[in-house]
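The values are calculated or read from the model by the stated rules, or taken from the named source; none is laboratory data. Please read all numbers here as calculations on a predicted model, not as lab measurements. With ideal geometry, Cβ positions are generated from the backbone for all residues, glycine too; neighbour counts draw on all protein chains shown.
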Amino acid sequence: MVKQLLDVDLLREMQKDNLWWKNGEIPEDKDKPFHRSDFYMYLKELNSRGIRIIIGPRRVGKTILFHQLIKYLIKEKKVTPKNIIYLDLAKPYFSFDIMGINPCLKTYQENILKTDFENVEKGKLIYIFIDEIQKEKNWTTILEAFRSRNLPLLFMVTGSSAPEIKKNTDESLVGRAKETNMLHLKFRDIVRKELGYNEEKLKEVKNIDLIFEKAIEEKKIKLFYDYLIKELFTDTLTHDFEIKVKNILTKYFLRGGYPEFYEEKNNSTWYSISKTMRDDYFQRIISRDVVELFNINKPEIIRKLYTLIGLDTSNIVNFSKYTEIIETKQETLKEYFTHLEKTFLVSSSEKYYKKNRPKNTRKKVYVTDIGMRNAVLGLNEEEISENLGAIAETVAHNHCKRLKYRLHPTNEFNLDYWIYNGGEVDIILDLKKIIIPIEIKYREKIRSEDMQGLKDFIKTFNSKKIQFGIILTKNDLFLEDSILGVPLWLFLLIC
């Protein structure tokens, strides 16, 4: 009798999250019209069975993405709504073992499909979307058991705890699941969102990333420069579009890439939404994704460490100074820093060496989202204007990591910096076949000495892999010897 009641309750809970079983419609609060660029990539994943794992921090839109894909399946692909199931394992109801993935799918087969997965109509797929998959202890074993039976099932699952997800997939699903990261919205996405563009409508810069990739492949940066001068700025790119994009970049410097910072109802209330992010969401991320996962008994140290990194973003970290401020051991801070990296809150780069990097090189540190940083520090637009150089470098660093992930033959994303005898380069983008040094000088006018670090790097290493350097500017576009100057707003549209 108790089990029957539990089964009925489980079905009711599932029906609340799967309204399309009844009316073919997506819940109104999940039916968002804007599609981030990742959406178009994941559409291609809907055509075959298997396991797709999406890892990313909280509140970047993974759940919204799922519901947009579900709507696409129902409205565009004409998939039978009852052939789609969504589970959110973060809900308290599903925290009991008797309410996990297996009981849910059993109840689903018996009450919704009214048949076993083995008997699904030939040529049809069952789409299973699961949020916060790491909440189920043995999830990899469960999914592999279904996969190994060659059933007509596509699992798309998300997780916000990267270390836990990767550990389990490496042990049980290595080579059997496709794994991708989904991070904060890129600048290009925000431009599309603010201007009301879909991916195809961004005509002004439609080919810029393809031309840039071709220039990298051929190691001829002049090819890219000629395209910008002779085509983009001459025939395609309008002055009005440029002004709009520059204004959006100013907004991005404050709000970063969290989707809710750009909700229509929040457009003029930065103080309110940043306070919510600081006092609510940030605390949840710390407590759930860091404290619980890594069994930390002093969460206040994690909060203070993030705050210091936020103040120091784009600088070389000084753990000795942090030790004095926070009054804890340096080893503890380094360990906690690693935890923050693994949960997508901070990022870092190490000093570039051609060969044999020494151990314990000093890191340059960055926050992974500038909006979260500004919210936690309680900064407004006027206050961040005092430190635009560091903010511009932070945004460039985070976008270059994603650019490297896309262009590197093994999907690596780690970046380096270089400093030697007073010379410095902010970002070393090593794409294996080519190495691109990138310097950020976000100021009104570029001087000849601003390019000296790039020239020193190219001269010092004198490698066929290093054919040119890039300096990211505020406004200037030029090609001087082997140095390309390009406005930051334009470069970010490539990433």
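Pairs please, first residue from region 106-118 and surrounded by fewer than 18 Cβ atoms within 10 Å (Cβ to Cβ), second anywhere and modelled with pLDDT under 95 and part of a helix (DSSP H, G or I), Cβ atoms under 7 Å, 6+ apart in sequence or on different chains.
Close Cβ pairs (under 7 Å, with a partner that is modelled with pLDDT under 95 and part of a helix (DSSP H, G or I)) amount to 111/11.
Collect the residues in region 71-95 that are part of a loop (DSSP other than H, G, I, E, B), on the phi < 0 side of the Ramachandran plot and at pLDDT 95 or above, keeping them in residue-number order.
Here is the first cut: in region 71-95, the ones part of a loop (DSSP other than H, G, I, E, B) are 76-80, 89-91.
Remaining after also requiring on the phi < 0 side of the Ramachandran plot: 76-77, 79-80, 89-91.
Listed by number, the residues that qualify are 76, 77, 79, 80.
Among 287, 272, 268, which is the only one that is modelled with pLDDT under 95, of a type outside the set (D, E, K, R) and surrounded by 13 or more Cβ atoms within 10 Å (Cβ to Cβ)? Can you show your working first?
Values: 272 fails: surrounded by 13 or more Cβ atoms within 10 Å (Cβ to Cβ); 268 fails: surrounded by 13 or more Cβ atoms within 10 Å (Cβ to Cβ).
Just a single option satisfies the conditions, and that option is 287.
All but one of (1) in contact with a Lys or Arg (Cβ under 7 Å, 6 or more places away or on another chain); (2) assigned to a helix (DSSP H, G or I) hold for residue 257; state the number of the condition that does not hold.
So the condition that residue 257 fails would be (2).
Restricting attention to region 206-238, and to residues there that are among the aliphatic types (A, V, I, L, M) and under 25 Å from the mean Cα position of the chain (by Cα), which single residue is farthest from residue 489 (Cα to Cα)? Let's see the steps before the verdict.
Just the residues of region 206-238 that are among the aliphatic types (A, V, I, L, M), to begin with: 208, 210-211, 215-216, 221, 223, 228-229, 232, 237.
Filter again for under 25 Å from the mean Cα position of the chain (by Cα), leaving 208, 210-211, 216.
Details: 208: 12, 210: 17, 211: 17, 216: 19 Å.
This residue is 216.
Kindly indicate whether residue 142 is under 23 Å from residue 173 (Cβ atoms), in contact (Cβ under 8 Å) with a residue 40 or more places away in the chain, assigned to a strand (DSSP E or B) and of a type in the set (Val, Ile, Thr).
Working: under 23 Å from residue 173 (Cβ atoms): yes; in contact (Cβ under 8 Å) with a residue 40 or more places away in the chain: yes; assigned to a strand (DSSP E or B): no; of a type in the set (Val, Ile, Thr): yes.
Considered against the rule, which asks whether it is under 23 Å from residue 173 (Cβ atoms), in contact (Cβ under 8 Å) with a residue 40 or more places away in the chain, assigned to a strand (DSSP E or B) and of a type in the set (Val, Ile, Thr), residue 142 comes out as no.
Looking only at region 433-442, decide whether some residue is in contact (Cβ under 8 Å) with a residue 12 or more places away in the chain, surrounded by fewer than 14 Cβ atoms within 10 Å (Cβ to Cβ) and under 26 Å from the mean Cα position of the chain (by Cα).
Initially, region 433-442 is screened for residues in contact (Cβ under 8 Å) with a residue 12 or more places away in the chain, giving 433-442.
Of the ones still in play, those that are also surrounded by fewer than 14 Cβ atoms within 10 Å (Cβ to Cβ) are 433.
Filter once more, so that each one left must be under 26 Å from the mean Cα position of the chain (by Cα): 433.
Yes, there is a match, as at least one residue in region 433-442 is in contact (Cβ under 8 Å) with a residue 12 or more places away in the chain, surrounded by fewer than 14 Cβ atoms within 10 Å (Cβ to Cβ) and under 26 Å from the mean Cα position of the chain (by Cα).
Is at least one residue of region 225-240 under 30 Å from residue 378 (Cβ atoms), touching a helix residue (DSSP H, G or I) at 6+ places or on another chain (Cβ under 8 Å) and surrounded by fewer than 17 Cβ atoms within 10 Å (Cβ to Cβ)?
Within region 225-240, the first condition is being under 30 Å from residue 378 (Cβ atoms), and the residues that meet it are none.
Looking for residues that are under 30 Å from residue 378 (Cβ atoms), touching a helix residue (DSSP H, G or I) at 6+ places or on another chain (Cβ under 8 Å) and surrounded by fewer than 17 Cβ atoms within 10 Å (Cβ to Cβ), one finds none in region 225-240, hence no.
Which of the residues belonging to region 8-62 are among the polar types (S, T, N, Q), loosely packed, with under 15 Cβ neighbours inside 10 Å and outside any helix (DSSP H, G or I)?
Passing the criteria: only 48.
Take the residues in region 199-247 that are in a helix (DSSP H, G or I) and hydroxyl-bearing (Ser, Thr, Tyr), then tell me which one is farthest from residue 482 (Cα to Cα).
Within region 199-247, the first condition is being in a helix (DSSP H, G or I), and the residues that meet it are 203-205, 208-218, 221-236, 239-247.
Still in the list and also hydroxyl-bearing (Ser, Thr, Tyr): 225, 227, 234, 236.
Details: 225: 11, 227: 16, 234: 23, 236: 26 Å.
Across region 199-247, the extreme among qualifying residues is 236.
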